[in-house]
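Just so it is clear, none of the values below were taken in a lab; they were calculated from the coordinates. Since this is a predicted model, take the numbers as computed values, not measurements. Neighbour counts run over all protein chains shown; Cβ positions are idealised from the backbone, glycine included.
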Amino acid sequence: MNILYAVIFLLLKIQLNTNCAFAKNATERTAYETKIYLLNNDEATSKCEQPKFEFEKLQAKIREQELTIARLEAKCLAVPTEATSCLPFGKSNEIQRIRIPGTESFQVLCAAKIAGEGWTVILNKRQHTGSFYRTWNEYRNGFGDLQDDFFIGLQRLHLMTKFQPHELYVEIKDFWNTTSYASYSNFSIGNETEAYKLLTLGTFTGGKDYFKTQLHMKFSTLNRDNDNDVRNCATIFQFGWWYNTCRVGRDSVANIFTNFVQLLIRPI
Ligand SMILES: [Ca+2]
């Protein structure tokens, strides 16, 4: 007889819990919970028992959400908080600090008065000061003074143009003080293993195409002859460059009659 009561009690409990779990509204649910309480006479077990699969589904959903949050956090942390070019500095013509993935942050000279806002000066050369007759390591790491003559360095230039596409702007003043300009829509250079090869230039616009024979050329310096001439052009012109042959005419940046050269880049 006791077993029969126990079975009836159990069936009743299951029925009440099922009805409770699928109650249409809060009032119905409370009514079932009251009945469960009266049956158990115990507040701790009077609450409606959710079916196990519902609970597992909720747990899986929470785990998914946690994973999404973790990925978003990782993404946020990976985005550099520093500027990656002069673009965010807008009208600045001052020295600013930028950081490119793969290297420490470094200072650059921004230019907003030459060809619009947001340009980074990568080379500044005046004939009367400084020297560009430098070694491979100097050209790789950069040299000079940002307030005067300088070169940003091939490694930084490689990382900058690899990280995001850049346009190039060239301003040249020759021996006779004639100023001319050139711009290229997509300037990029390779890594050191590729001898910082001039990979792309994009479309040329402007007066003189200063880079027309330099495309796909490797970089050469006084102690690293990567040009296509029997001689070392960097030694002849005392200037590190993406030389092809040593027959550089007046249309070349490496021209010895160049009074002033400024190269600028800007993300596109
Ligand atoms: Ca050579």
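With the crude spin-label approximation of a point 7 Å out along Cα→Cβ, what separation in nm comes out for Ile14 versus Ala31?
Calculated label separation equals 2.4 nm.
Using the basic label-point model (7 angstrom from Cα toward the beta carbon), what is the Ser92 to Ala60 distance in nanometres?
5.1 nm
Could you give me the ³J(HN,Hα) list for the range 223-230, computed from phi with Karplus coefficients 6.51, -1.76, 1.60 and θ = phi - 60°, whole Hz, x at Gly and Pro?
Here the 3J(HN,Hα) series is 10, 9, 8, 10, 7, 9, 9, 5 Hz.
What are the ³J(HN,Hα) values, in whole Hz, obtained from phi via the Karplus relation 6.51 cos²θ - 1.76 cosθ + 1.60 with θ = phi - 60°, for each residue of the range 198-203 in sequence order, with x given for Gly and Pro?
Whole-Hz 3J(HN,Hα) from phi for the range 198-203: 6, 6, 9, 10, x, 8.
Sketch the reach of a paramagnetic label on Lys113 as a point 7 Å from Cα along Cα-to-Cβ, and name the residues of the range 142-181 whose backbone nitrogen lies under 15 Å away.
Inside the label zone: 147-148.
Using mean Cβ contacts within 10 Å as the protection proxy, how do 258-264, 143-149 order, highest first?
Most protected by this proxy first, the peptides run 258-264, 143-149.
Under a point spin-label approximation (7 Å from Cα along Cα-to-Cβ), what is the Leu39-Ile69 distance to one decimal in nm?
In this crude spin-label approximation the distance works out to 3.6 nm.
Under 20 Å from the Cα of Lys208, which aspartates and glutamates turn up, not counting those fewer than eight places away in the same chain?
Once the sequence-local aspartates and glutamates are set aside, what remains near Lys208 is Glu167, Glu171, Asp174, Asp251.
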